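Worksheet: one structure, shown below.
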Amino acid sequence: MNYVGIDWAYGRAAWCAMGGAGAIESEGLIPADEDGLARLVLNLGSEAEACVEMMSGALWVKDQLEAAGWRVQVAHARKVRDIAPLACKTDKVDARVLAELCRRDLVPAVWVASLADRTIRERLRRRAHLVKLRTSARNRIFGLLTQFGLRISLRRLRQPDAMELLCRRGVPEVWRDSIAEHLAEIDHLDRRITPIDKELGPIARCDPRAKLLTTIPGVGPLLSLTFASEIGDVSRFSSASKLVGYAGLAPRISQSGERSATGRLSKAGSRTRRWAAVEAANQAWRSSNPFHQHYRRIADRHGKNPAKSAVARKIRIASWHMLSKEQVFQPSRPNGGIQSTAPASSLRFLAA
């Protein structure tokens, strides 16, 4: 059995193969592409365990090598450095370290989502990118209008006589051209976003996890699908606090002796996971929202942003309970707590 460490880069990849006793059997460089991986498999055979650090392309490398019969783990890059700090750091040394961790079964492996969830994630992130561009164009129009003391809705600007209106209100031609350009950009982005919404809508309605999460106030079909695809298999989290930490919503804690201080959010992991929870928390300002009292209590003392983060943590906690116990969301306590006491049959009802 070969234990292979692969230091993947954009142009080339360093690799090292160790035997069971720890001796280096072979090592070298390969092109960082499909042909390079095929050459590596031909040299080392189909019986191997490999480790590659998490970076752009690492999941593709894992899929390619597993298709060839290898067992591949993706290592957390920062934790690898914590386990094996190096005085001399080169691609060759990195590959040797990964091979040694693989041989000793000490790889700090990251969880890899299924291909189906990764496909959904990519669609959702593509949509989020286009929505961000559309919002940027809208904000740019707003900024141009404020230069002339105007507040005109986007709906009104989409009317056929909008440019004539701007002319009558004293907006010079150069600024009118800029606004027209951004309006055309928004129309183009709308045409790009609509087909993605039509693709994701049926997926969200058919996914039992997403259907369950839509019972949380403020969580719509696409946001619930984002929750589901980012969380993946909820059983890998032993507690709700683990899921909160995975989303990067847990505050940093600094302790020294009897002194303990709580700081800002850790912001560990994917930015999308944090954004989704905070996006759902944006509805907590409504008095009808079950988290409203909790939001108001935190906002009065610390401000709106910390209050949104606190509600986002509550939503993540609720998500863990709902997915773990297959229960719909049920508000209960007036202090902002949640209760999920619906029977497991509720999930079967939602899937019907």
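What does the helix-only formula give at 222 nm for the chain: each DSSP H stretch with n ≥ 4 adding -39500 (n - 2.57), the total divided by the residues, and the result rounded to the nearest 500 deg cm²/dmol?
-17500 deg cm²/dmol
Write down the accessible area per residue of segment 151-192 in Å², having rolled a 1.4 Å probe over the full set of protein chains. It would help to have the intermediate numbers written out before the result.
On the way: 2940 Å² over 42 residues.
Each residue of segment 151-192 exposes 70 Å² on average to a 1.4 Å probe.
Tell me, what is the per residue accessible area of segment 1-59 in Å², probe radius 1.4 Å?
About 47 Å² of surface per residue is accessible.
Please give every one of the lysines within straight-line cross-link reach of residue 89, meaning a C-alpha to C-alpha distance under 30 Å, and leave out same-chain neighbours fewer than 8 residues apart.
Once the sequence-local lysines are set aside, what remains near residue 89 is 62, 79, 267.
Sticking with the crude label model, points 7 Å out along Cα→Cβ, report the distance from residue 296 to residue 122 in nm, one decimal please.
Calculated label separation equals 4.7 nm.
Which length gain, in nm to one decimal place, applies between residue 184 and residue 43 when the Cα-Cα distance is subtracted from 0.36 nm times their residue separation? List each step's numbers first, then the result.
Values: separation 141, 0.36 × 141 = 50.76 nm, distance 5.48 nm.
Using 0.36 nm per residue and subtracting the Cα-Cα distance, I get 45.3 nm.
Between segment 37-53 and segment 66-145, what is the separation of their alpha carbon centroids in Å?
20 Å
Using the heavy atoms of the protein chains and a 1.4 angstrom probe, tell me the accessible area per residue for segment 204-248 in square angstrom.
Values: 1560 Å² over 45 residues.
I get 35 Å² per residue for segment 204-248.
When a/c is below 1.5 the answer is rounded, else prolate if a/b is larger than b/c, else oblate, so apply that to segment 15-121 with a ≥ b ≥ c taken from the square roots of the Cα gyration tensor eigenvalues.
Judged from the Cα gyration tensor, segment 15-121 comes out oblate (a/c at least 1.5, b/c at or above a/b).
Excluding the sites themselves, what is the longest stretch of the chain that contains no trypsin sites (Lys or Arg not before Pro) in a DSSP loop with at most 14 other C-beta atoms within 10 Å?
170-266
Once neighbouring chains are kept in place and the probe is 1.4 Å, which whole percent of the accessible area of the chain is contributed by carbon and sulfur?
Summing carbon and sulfur atoms, their accessible area is 51 percent of the total for the chain.
Scan the chain and report its longest stretch carrying no GluC sites (Glu not before Pro) that are both in a DSSP loop and have at most 16 other Cβ atoms within 10 Å.
Between exposed loop sites, the widest span is 48-257.
Which residue, 320, 60, 15, tops the fluctuation ranking in a GNM of the chain built on C-alpha contacts under 10 Å?
60
If I model a spin label at residue 9 and residue 198 as a point 7 Å from the Cα along the Cα→Cβ vector, what separation in nanometres do I get?
So the two model labels end up 4.6 nm from each other.
Under the 0.36 nm per residue contour assumption, what length would be gained going from the current alpha-carbon distance of residue 233 and residue 330 to full extension?
32.7 nm
Taking 7 Å along the Cα-to-C-beta vector as the label spot, tell me the residue 285-residue 81 distance in nanometres, rounded to one decimal.
3.9 nm
If you project the alpha carbons of the chain onto the principal axes, what extent comes out on each, in Å, largest first?
Largest to smallest, the principal-axis extents are 80, 55, 52 Å.
The values are calculated or read from the model by the stated rules, or taken from the named source; none is laboratory data. Fair warning: this is a prediction, and the values are worked out from it, not measured in the lab. Ideal geometry is used to build each Cβ from the backbone, glycine not excepted, and the neighbour counts take in all protein chains shown. Each accessible area value is taken on the protein alone, full model and side chains, heavy atoms only, with ligands, DNA and RNA left out. Shrake-Rupley method; radii C 1.70, N 1.55, O 1.52, S 1.80 Å.
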